[in-house]
Structures are given as structure tokens and as C-alpha cells.
There are 2 protein chains.
Amino acid sequence: MITITFPDGSQREYNKGISSLEIAEQISPKLAKEVYAATVSGEIWDLTRPINSNASLKLHKWEDPEAKHAFWHSSAHLMAEALESLYPGMKFGIGPAIENGFYYDVDPGDGIVITEADLLAIENKMKELAAKNLIYSRRDISKKEALDFFSKKGDEYKTELISELEDGTITLYTQGNFTDLCKGPHLPSTEPLKAIKLLSVAGAYWRGNENRKMLTRIYGITYPKQKLLDEYLVFLEEAKKRDHRKIGKELELFTFSQKVGMGLPLWLPRGSDVRQNLITFLTKELRKRGYKIVTTPHIGNVNLYKTSGHFEKYGADSFQPISTPQEGEQFMLKPMNCPHHCEIYNATPHSYKDLPLRMAEFGTVYRYEQSGELHGLTRVRSFTQDDAHLFCREDQMRDEFKGIIDLILYIFKILNFNDFTAQVSLRDPNNKQKYIGSDENWERAERDIIEVAAEKNLTTTIVTGEAAFYGPKLDFMVKDAIGRKWQLGTIQVDYNLPERFDLTYNGSDNQKHRPVMIHRTIFGSMERFVAVLIENTTGKFPLWLAPEKAVILPISEKFNDYAGKVLEILNNSDICTLIDDRSEKIGKKIRDNELKKIPYLLIIGEKEVENETVAVRKQGEGDKGSMNIQEFVNFINSEIKKEIAI
Amino acid sequence: MITITFPDGSQREYNKGISSLEIAEQISPKLAKEVYAATVSGEIWDLTRPINSNASLKLHKWEDPEAKHAFWHSSAHLMAEALESLYPGMKFGIGPAIENGFYYDVDPGDGIVITEADLLAIENKMKELAAKNLIYSRRDISKKEALDFFSKKGDEYKTELISELEDGTITLYTQGNFTDLCKGPHLPSTEPLKAIKLLSVAGAYWRGNENRKMLTRIYGITYPKQKLLDEYLVFLEEAKKRDHRKIGKELELFTFSQKVGMGLPLWLPRGSDVRQNLITFLTKELRKRGYKIVTTPHIGNVNLYKTSGHFEKYGADSFQPISTPQEGEQFMLKPMNCPHHCEIYNATPHSYKDLPLRMAEFGTVYRYEQSGELHGLTRVRSFTQDDAHLFCREDQMRDEFKGIIDLILYIFKILNFNDFTAQVSLRDPNNKQKYIGSDENWERAERDIIEVAAEKNLTTTIVTGEAAFYGPKLDFMVKDAIGRKWQLGTIQVDYNLPERFDLTYNGSDNQKHRPVMIHRTIFGSMERFVAVLIENTTGKFPLWLAPEKAVILPISEKFNDYAGKVLEILNNSDICTLIDDRSEKIGKKIRDNELKKIPYLLIIGEKEVENETVAVRKQGEGDKGSMNIQEFVNFINSEIKKEIAI
């Protein structure tokens, strides 16, 4: 008999060799139908694998990432079987589960091309195979046998992979007529693979190396129920419509240029205005909350980064140093603003009475990313952090946390991010030597963060061992309009840089003391945040953020003079307004300008000229009646006030 | 007989061998006393040098730089004679005239140190020698004789210089007991050197090479009248008081850090606010005038600068290219914003109806300067240009010039720069092949600039041959409060980059056309402009630019609560305000805060708490009476409106 310990701590005795699936069945047949994988003593296993000694057991339902992983990994094998049956002689690379679904990299053989037009046939073949309820069976195999097997089959990619593995660790999985080199785990059978959809085809270099062969990558997703798949496909459609790269181009918000360089966004006027509206708004808020704004250059001498430790840690993977034509100096593009802010702190003496010092900068930083990792505005090589560093005494930390959380909650509220969670990252209490700073300070900072988060009614998860080596932190995740999670603001305590830069303040005891440094951002980066905003709003920004508040549409050229007068009055009243004085029919003008997502359309015809009014139409909603110009100015200002004064 | 042609074109006959001084005497003995040098057929000569053939002649009075140059160069020789008599065996390096006065680099010999305490004795010796009315006499000498002369004297610096000269070009000048290697020209005698002042002592490497010996550099200045010297010394004192580096430190506006790097300004909160106030103000003005704001990164691929031509032209003298850890890409810190703006222009199609496109950015650029050339904020390695590029049709250029000039005049007026001139730089009509662009376009652009400048009543000088190869330009020079001239705004036509970046617009003929590009700045750079503002205002910024508008001074701690309430109301009303709640006497608080040059001091005592008022004191002026808080808010807002709405 063996003892199985369940997640709630309860224990039960079973016969040696029992499987997780059998245990689930004993608990309840319904449960057995809902589980897809199991964690046995910390390792994720097939449900059917026999358990031969005492173990802890956690059964994974669909909600668990472990279940999805087994589900999608088994789906990749199913797709491979379908491909092999449709394209005999096809060679296989790797076929993993990913965040949403799975892919397989395959080599269809010379002259054979798989396109999206072929996906339906493959999908149908998969459905046919899945319906046979094929069993996934696991087999340990020696390295020699494995090499023999795949050599005979002619699968050169698999033999290359096997040649790098250690003998005694190799396993194969077989379902139906298909056998794959694989660590598992897998589902017991193909039976749960009820809803299947192949999504796209792409090229992918074998092992990500551009000097190796380009394979064909086929992406797919599967679900245990058709309803879940349908929902996902709707979500995918929705996400595609909201793609900030697509909207950014349509609404002329930003662009990229090959000549300037990949991952270096060029903000077009409309996008630059949205970005600046955010900066102006946040700056005003920061000033009210006692922050001081500084401005620092985008490069620093390498010595700055030797002092900070960044050079040693990240230097090799960064944009490389900048030499000078004379004098042998070397500079780095700044990857973060903190070292510059430490030097500003050190530029003047500080007394305990002057702290906290809240130093903020919208600082553009440069970090090298491989071109393949770049993605629109969410993964770039240059981005502007809404950065701040708070230098304070230990006894002020708690109030500073409170102030930062208040600010973050205020901003989230204004931007309608009402669904968010926070993660508290603490140090690993069993590995204290990994962290810099005294026990006493860590305990105090961790307690402060947890208590303040509770006081502010944040929904938090607390994770030990996830703190940075220099201090504990609190990260905010928001859910957008279609349920995707984005990490935005972060608050990080830092006991490291104050040491490295020898930051001090004069205490009430007239001795030198070390301040604590808190790094914090709210948006994270302006680039990423604008991308999130675009995807969340489909580019229909709230009025206060919109680059233009209104567009004037004269019904015919006769009214252009009056329209020009209205334009001037509005722009001089700081209501940024456009005019569409093309000689087009008013219907077309309205349709064209609705697409630009400018919040208000002001129609001008005979009646408006006579009465010195404008006919106001709200984007996406329609007619809002007539107003005189000053009424419209007041209306816009009061609408904006409503949005940003919650 | 020889014919002498005067600047007005008149000609007179003189005996061969006559000197410029003799000609001046024949014209009028008064004139002879007022001239210090002459330009003879384009070369600057001693007044006493005989003229042996037909020549043009211009006599130089004190106002001419040529006169000052001869005057101060002769003074350097006089100082050398004084030094040699006081420090026998002293060796001499070089002793030129400079923009204001002269210096001599000398090697006093081992163990002898000259300090500022010694200057008076040297000055007195100079006065004694000058009173002897010593004659400066010029002598041609062979290279061998020159080497012999200075070898015998033991002047190794002079022999080094002579060894590099060509035989047949060497001249000596002698006055009294001192003979120097020198090209001249000099005054006829020491007689006009009536007012003499030695100013300072510094170290200077021989030939500017840090591996050679450090010599002693003595600076001085002289004038023909004591009154002129007195005025200059007052000016020097005034300039010293206004030095933006000194005031920048006192008022905590900006700083530099060795670790960040020389010439890379760190803007402290107060300086950053002044800079931002300028940016916010100008941005608002730009929007009203139809500019679009863009935001671009601070680096660009080297290919961008190969396209623009900057790489070939400036690459070797710039910050060197930035490599990446992978993918073999190379980037440059951007030395200007125009190539990025051209790429933005090219990101969307343009029709003749959309032009002009006025694209503005406060773009921070990076240019390498040798450390010895750096000076406070006026000569830096990173600076933010208030840059704009106007893309327009040829027929729109005239209106665009007008618009830019209007903007510049408006900004100058607001900043009280009422004394300014403009320089029009045209191409050299005899060297048309040096310039890019068609004759027709150049002629039109030059005519437009000249006519528009006249229309706007600008005081202009027109200089041919000073245009850039890519187009004509108009530069603005302003005079500050103590009469110094600063070059600020510039307007430059560019026919080059539109070609290199293949910029086009779709004409009314539905053909592709090339737009003209106009570069323009108003401030030049934010760094340099803030420096000029500091020196012009001694750091006493106008209210709208001041980082804080007021500071609250409670008379005693009893009033701190009410003071805190006032502080909050003012800050929430966007009147940036500080509080000085130290437990100091009110007299000291007033004195301390007057020094910070915060425009208004708000005193709070018993009476103010009772009446809910503040006692308003204007910095540098004193009591302005009592106001309630809302009155003060309105007062500040109306004062600011007066300043910036001219």
C-alpha cells in the first residue's frame, strides 16, 4: 500500500501502481471526466501513469494551466498524426503547447507547400482520428533504440534532438499510428479533443537559427467543448479588430521606419498628442502630490553603470557602448533612469526634514531586444517610462506606499480599469543570503506593503521568493475589455542603489543615514500603455485623451467661411478641432469622419450660419442637437472635467 | 607716384613709400590720432608700413575689430617686455589678441610662480614702459637668423615655432628692449596704451597638448581711454554676477555629474520647471499656428544618416556608432531631428492640398564636443532643440517665412528681447556650382526672405556667400541686458534632404512633386536659451517662467496650520507655491527667500489668520498689501496673463 496526500492535507491509502485517473474515479466518476493531468510529488504526470510509492497528488481540471498544457500538447501529437497520414514522409521538428493552443514545426518535403487553404483538410483528419478514441501510451526507451527508430523513419530533426539527450531519460509517446519523442505528459486518450481549430501557417527556422532550414509552423487550438472554442474564436476576432498595430496605422497614431530602426516608434502627431495628454495629466497629478520633475540625458558614462552594477549584469546583452572620437570616453544608452536620479540626489545635501523626496521623470530608455521579439508598441527598443524614485526614511515608507497606491487607484479609475489584481513579491525566507539589506528592514518593508495593500482593499496574491534581490515589490495587473491581463504599475523597494551610490541624509542625530529608494511606475511605459489603451478602447479614446475633440463638417462650400471662424474660435479655446472642407456630400463626410473616431462632429449648414450655432453629433451615437459655439466649448470642458475629476 | 583707392571709391595720388598713418595725417591730424591699423589691398598692416604700389586703403578706428586686434596684440608685447624686465630669463610661448583683450603664455622658470597677487606690479611696469612712448618696429628676417636670435636668448618655445615656419615669411617686432617673433600688425608706438588692466592667471599646456609643459597664461585688457576700461570692468563684474553657472548652482536649476559625463546637463526640479514652462508655452503657441507635434527616438540606424549625408560628413567627429549584441545593426545618437522627421513625412502620402505640414518636436540631440570646449549650458553634448520642419510648396514659402518671423518676434517680445538684428545669408553668385537646387528656386527663396524681412521691419544685414550649400537662411541675434549678443532663432531653407529622402507630394496635376523643407528654431536649444535667460535676468525669471510663484512665510509656528491650508489651496489652483516653516525669525526668513528669487513672499501672522488673508511682498520690491487667497490667485493669474498675452 502507498499513502497519497491531497492538497487539503488529507491522506488515503491505495494499492501500489494505482494511477491518478483511477484515484479520481474512486473519488467520483464525474471528477474523472473533468481532469486532464496530475501533479505527483511536484512533477506533472499523465493521469494513467502508475504511482508506485507514497506521493502528494493534485488533480488538474481545465482551469489549471497544467491541464491545458497536457490537452494542447496531446493535440499537437494528434495534428502530427493527421499530417503524417495526409503527407506521408513528412518530417517533424518540435510541437509544443503554448499559451493559447499549440503548434508543430514540420518539413513537408521538397516541393510540398502547406498553406492556410490546407488547414481544413488537416483539421477534418484530426477530428476523424480523435473520434477513434486513440490511447496515448508512454514508453521509456534507450538512446540507441530511439536513434534507430527515428533514423529508420528518416526523421533527421528528431535524431538531432535525441543525440543531445542523456541516455536513460528518453521517452516516446504513441497514439494510433504516430509515435513521437516526448517527455509528456499527455491525456489518457484523444476522446476529450472534441473541438478542434487550426489557425494559421508560418515559417520558422529549425531551432530558431536563421542559418538552418525554414520549417512550416502550423498553429492550432482545441477545447473539450465546442462552446469554449467558439468563445475563443470570437475573442480572437475581437483581439484582431483591437490590434493596436492595425488601429495605430488606421488612425495615424504611430509608425515604424526601417531606416530609423526596428522597435523604435515614431509617434505621428495624433499619437504624440494622446501620449502627451497622458503625460500632462499625470504631471499635474504628480505636482499636486508633491513630486518634483527632473530632466536627465539619455546617455551616461559607463562608470555610472559600473557604479550601479548594470554594466556587469546586463552590459553584454545591451546596446553596446558609445565611444568618442577623442579622450577615450565611453557612454551607454540609458536602460533606466535610476542611476541618473541617484546622481541628482547626490547633487545637493539632504536633511531628514527634507525627506521624502519624490523625483519623477518621463524618461526615455533604450533596451536591446532581438528583432524577432519586437511587437508593435508592446515590445520595443525605446520606450518612455513614467518613472519616479522616492527617497525616504524607513519610517516614511508606509505612507509613501499608501500615496503611490492611492495614485495608481486614482489613475486606474479615471481610465476605467476597474478589474485589476496586485501581486506582492517577498523574499525567500529560506535563502536570505540572496538578498541585500538587513532582516529588520526587509521584514518592515514586507509587512508595510502587505498591510497597506490590505488597508486599500486590494485583491492581492502574495508570492514568496519572487522579490528582486534588492527589495520586495508590488505589481498591478489590469484586465482589459476582452479579458486580457496586462501588467502595468509596479512599486519596488530598493536597498541596493542607495548603497552603491552612497546616498545619505543628515538625521536628527546629525549623523549620516541611508535613505530607502522606492522605484515606481503607473503606466509602465508610455508606449505599452498607449497600446493597451488602444486595444481596450479600439482607438475610441475618452474625450480628454482624444487628439482632436471635434471635426467641423460644412454641408457645402458656401458655409466654409463660417466653418473657418468656428474652427479658429475652438482652437483658440484649446478645443483641438479639425475641419473637413472637401467638396464631398455631407453623408460621405460623416461616414469618413466617424471612422477617424473623433468624439464630436459639428455639422454646419444654412441654419447654423443663421443662428451662429453648430449641429452637434457624437461619434458612434448620432445627433445631440444644436449649440452655439460658446455652449459647445463649455460642454466639452465640462465633459472633460467629468472624465478626469472623479 | 602711387594711386590709393579709399572705401568710398575716391582715389588720390601719393608718393611711393608713404605710410597709412601719413595718409591719415594728410586727411586730418585728428583722424591720425583715432586710427590704429589699416587694411591695405585686403591685408591688415601696421599704420607705419610703407606702401610701395597702387593699393586700396581702409583706416581702422577703435570701433573696428582690426583696430582692437592691433591694440591688444601690441599690449601683449608690452606685457612681455614688462615680464622680461621683472622676471629675467623668462621664456615666452604665444601672446595673441583675443575677443576681449589679450594673453601671453609664459614659462617663468623652475620654482617661479606667478599669481594674481603679482599682477599689479606687472601692470605698473607696463604703464611705466608705455609712458616712454616706445616705437614698435618691424623687421624681415631669415629663418637662420631668427633661430640664432632666439637660441641665443634661450627661448626654446620660439625656436620650436620658427622651425615650423617657411623661410622668407618670418618677421620680428621690437619695442624698447623686447623683440618678439610676430606677423603683426602693431600700433606705431605704445603711446595709445593709456588704460591697462591685467585680469587673471591660468595654466595652459604648451600648444594645447596635455603631454607638453603647463605654461602660465596671463590675461589682460587695455583701452585708449580710462573711461572705456572702467566701463569694461563694470561690465565684467556684471557678467560675473550673471554667470548662469553660478546662478544655476545657487538657485538649484541644473547640475553636472562626473559619473553621468561632462556636458550632459542634469536638470534639477526648479530648472526643469523653467524649461518645461517654456516648452508648454511655445507648444500652445505652435498649436495655435497650425504646427503638429511629433515624438521620435534619440537614435537612428546608421543607414538613416547615410541617406541624410550626415554620416559621411560628420560621422568621424561624432559620438561613435552603437553596435548591438546580435544581428550586426549599428545605430547613431541623433545629432539632429530632421532625418527622423523626413521618415515621418514619408510614412503617409501627401497631397498639395495638405501642405504646408508644420512638424515640430522638442527633440534632444547629441553632439560630441571636446571636453575643453564645454561651457555650462551654452556649450554641451546633449541639448533639446525647439525644432520644427515645415514641408511646403515653393509658392507657400513666402507665407511660411512670414509665419515663422511673426512667431519669433512674438516670442522675443514676450521675453523682452527688444534689441535684435537678423542676418540674411545668401549663396555666392560667382560659385553657383557649390549649391544644390535650381537657380530659379534659389532666386525665389532669397528674394522671399529679403522681402519678408523688410516687410516685417527687421534690421538685417545681407551677407553673400554665407548660405549653407543646401539653401539660404535668416539668423536672429539678440542683445541681452548688458549688451552681449546671442545667436538664437534661425530659419533655413533646405533643397537637399527632400532629394535625399525622396520626399514627394501629389500635385494638382496628379504628378509627384518635391516639397521644400524649412528648418527653424526660435530658442535654438533649451539649454542655451535658459542660460541666456538666466544671464539676462540674473535668475529673476518673469512670473510665468518662475518655477514657484510664491513662498509662504508664517511669522511663527502657531500659524503653520493656516499656512499649510493656504499652500494647499494655491497648489491646487496651479499656483506653484512653497512654504518656509522653519522656526526662524521672520526677518531671516524674508532675507533667505528673497535670495531664492521667488516672485512673491506671503507673510502670515495673527492678522492674516483672523482675516483669512495673506500679506503680499514682491521679491526685490517689498510690501504690496493684504489680499484674501482667491484675490491672490486672481492677481497671479492676471499678472501672468499680462506677461504672456501681449
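A short reminder: the numbers here are calculations on the coordinates, not readings from a lab. Quantities reported herein were computed from a predicted structural model and do not represent experimental measurements. Here the Cβ is made from the backbone with ideal geometry for all residues, glycine too, and neighbour counts use every protein chain on show.
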Hey, could you pull the Cα Rg and Dmax for the range B:217-311, both in Å?
21.5, 60
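For the range A:550-644, what is the charge dipole size about the Cα centre, in debye to the nearest 20, if Lys and Arg each add +1 at the Cβ and Asp and Glu each add -1 at the Cβ? Walk me through the numbers before you get to the answer.
Values: 15 positive and 18 negative charges, 76 e Å.
In total the dipole reaches around 360 debye.
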Loop only per DSSP, at most 16 neighbouring Cβ atoms within 10 Å: give me the chymotrypsin sites (Phe, Trp or Tyr not before Pro) in the range B:561-646, ordered by residue number.
none
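Can you tell me the dipole magnitude for chain A around its Cα centre, using point charges on the Cβ only (Lys, Arg +1; Asp, Glu -1), in Debye to the nearest 20?
Computed about the Cα centre, the dipole is about 460 debye.
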Report D for the range A:384-509 in µm² per second (integer): Stokes-Einstein, Kirkwood Rh on Cα pairs, 37 °C, 0.692 mPa s.
210 µm²/s
Cα-based Lys pair tally, the range B:550-644, threshold under 17 Å, eight or more apart or on separate chains
14
Kirkwood-type radius of the range B:541-582, with distances r between different C-alpha atoms, in Å:
10.7 Å
Defining the label point at 7 Å along Cα→Cβ, can you sort the distances from B:THR3 to the same site in each other copy, shortest first, in nm?
12.5
Regarding the range A:312-400, what are the three Cα extents along the principal axes, ordered largest first, in Å?
47, 39, 22
One quarter of the convex hull surface, Cα atoms only: what value does that give for the range A:1-107 in nm²?
8.0 nm²
Between B:GLU606 and B:LYS132, what is the label-to-label distance in nm when each label sits 7 Å out along the Cα-to-Cβ direction?
7.7 nm
Mind putting a number on the dipole of the protein assembly as shown about its Cα centre? Charges go on the C-beta only, +1 for Lys and Arg and -1 for Asp and Glu, and I need it in Debye to the nearest 20.
700 debye
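Which chymotrypsin sites (Phe, Trp or Tyr not before Pro) in the range B:381-466 sit in a loop by DSSP (not H, G, I, E or B) and have at most 12 other Cβ atoms within 10 Å of their own Cβ?
Details: sites: B:PHE383, B:PHE391, B:PHE401, B:TYR410, B:PHE412, B:PHE417, B:PHE420, B:TYR435, B:TRP442; in loops: B:PHE417, B:TYR435.
When the chymotrypsin sites (Phe, Trp or Tyr not before Pro) of the range B:381-466 are filtered for loop state and at most 12 Cβ neighbours within 10 Å, nothing remains.
Just round it to a whole percent: the fraction of Cα-Cα distances in the range A:274-320 exceeding 13 Å.
Details: 749 of 1081 pairs.
In whole percent, the long-distance tail amounts to 69.
Calculated from DSSP H runs of 4 or more alone, at -39500 (n - 2.57) each and per residue, what is the 222 nm mean residue ellipticity of chain B, nearest 500?
On the way: 20 runs with 227 residues, N = 646.
Calculated at 222 nm, the ellipticity per residue is -10500 deg cm²/dmol.
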Cα-only radius of gyration and Dmax that characterise the range B:66-242, units Å
16.0, 51
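Determine how many Å³ per residue the convex hull of the Cα atoms of the range A:50-161 encloses. List each step's numbers first, then the result.
Details: hull volume 16.6 nm³, N = 112.
Here the figure is 148 Å³ per residue.
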So, in Å, what gap is there between the alpha-carbon centers of the range A:298-344 and the range B:223-247?
41 Å
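Run the numbers for A:ASN346 and A:SER638: contour at 0.36 nm per residue of separation, minus the present Cα-Cα distance, in nm. Don't jump to the answer; show the numbers that get you there.
Numbers: separation 292, 0.36 × 292 = 105.12 nm, distance 4.40 nm.
The A:ASN346-A:SER638 span can extend by a further 100.7 nm.
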For the range A:499-569, place one equal point scatterer on every Cα, skip the solvent, and apply the Debye formula. What is log10 of I(q)/I(0) at q = 0.24 Å⁻¹?
-1.06
What whole number of Å gives the distance from the Cα centroid of the range B:494-569 to the Cα centroid of the range A:250-267?
25 Å
Distances in nm, one decimal, shortest first, from B:LYS132 to the same residue in every other copy, taking the label point 7 angstrom along Cα→Cβ.
11.9
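I'd like to know how the range B:545-646 sits against the 2.2 N^0.38 Å rule of thumb: what's its Cα Rg over that expected value?
1.00
Hey, with R₀ at 45 Å, roughly what FRET efficiency would B:THR464 and B:LYS227 work out to, going by the Cβ-Cβ distance, to 0.05? Let's see the in-between values first.
Numbers: r = 38 Å, r/R0 = 0.84.
Working from the Cβ atoms, E equals 0.75.
In terms of the ratio Rg/(2.2 N^0.38 Å) built on C-alpha atoms, what value belongs to the protein assembly as shown?
Numbers: Rg = 38.8 Å, N = 1292, 2.2 N^0.38 = 33.5 Å.
Normalised by 2.2 N^0.38 Å, the Cα Rg of the protein assembly as shown equals 1.16.
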Quick one: Cα centre-to-centre distance for the range B:581-646 and the range A:23-44, in angstrom?
75 Å
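Only Cα pairs under 8 Å and at least 6 apart count here; give the relative contact order of the range B:245-318 as a rounded whole percent.
Computed value for the range B:245-318: 17 percent relative contact order.
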Across the range B:201-260, what fraction of all alpha-carbon pairs, as a whole percent, falls in each successive 5 Å bin from zero upward?
4, 14, 11, 12, 14, 20, 16, 7, 2, 0
At each listed q (0.12, 0.18, 0.19 Å⁻¹), what is the log10 of I(q)/I(0) that the Debye formula gives for the range A:254-369 modelled as equal alpha-carbon point scatterers?
-0.61, -1.12, -1.16
Roughly how compact is the range B:81-136, stated as its Cα Rg over 2.2 N^0.38 Å to two decimals?
1.19
With point charges of +1 on the Cβ of Lys and Arg and -1 on the Cβ of Asp and Glu, referenced to the Cα centre of chain A, which listed residue (A:HIS298, A:THR39, A:GLN330) lies farthest in the positive direction of the dipole?
A:THR39
Just to confirm the number: angle between the C-alpha axis of helix A:143-153 and the first principal axis of chain A, 0 to 90 degrees, nearest 10?
80 degrees
Taking the alpha carbon gyration tensor of chain A, what are the square roots of 5 times its eigenvalues, largest first, to the nearest whole Å?
50, 38, 26
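Express the Stokes-Einstein translational diffusion coefficient of the range A:450-529 in µm² s⁻¹, to the nearest whole number, given a Kirkwood radius over alpha-carbon pairs, 10 °C and a viscosity of 1.306 mPa s.
Values: Rh = 15.1 Å.
In µm²/s, the coefficient rounds to 105.
Within 10 Å of each Cβ in peptide B:263-271, how many partner chain Cβ atoms are there on average? Round it to a whole number, please.
Values: counts 1, 8, 3, 9, 7, 8, 10, 3, 2.
Counting Cβ atoms of other protein chains within 10 Å of each residue's Cβ and averaging gives 6.
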